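Just below is one structure, and these are the notes that go with it.
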Amino acid sequence: MPYKTERDLPDSVKDNLPKHAQEIYRAAYNSAWDGYHHDEERAHRVAWAAVKNEYEKDDKSGDWKAKPEGVKAHAAKRDG
């Protein structure tokens, strides 16, 4: 089911991602939910892919951090 607010997201998202990444996750999930005929597993995969396009997990701290602009642009060109 679509998420109305970031508070409704799974704990694994709320507890680990920064606010902006949560917003990306929610928007991507809701779009995929509609686009893939309510396929929840696929919507979660799409949402995580959208987050990973903009954020990366720091190997040392385990925190999710925004990718530098050049890295995001490179990934968009490569993937798109």
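State yes or no: is residue 72 outside any loop (DSSP other than H, G, I, E, B), modelled with pLDDT of 95 or more and surrounded by 12 or more Cβ atoms within 10 Å (Cβ to Cβ)? In short, no. Contact map, the stretch 24-43: residues that are more than 14 Å from residue 3 (Cα to Cα) paired with residues that are among the β-branched types (Val, Ile, Thr), Cβ distance under 9 Å, separation 6+ or inter-chain. Pairs shown: 35/46; 36/46.
The values are calculated or read from the model by the stated rules, or taken from the named source; none is laboratory data. Everything numeric here is computed off the predicted structure, so don't read it as measured data. Positions of Cβ are generated from backbone atoms using ideal geometry, with glycine treated the same way; all protein chains shown enter the neighbour counts.
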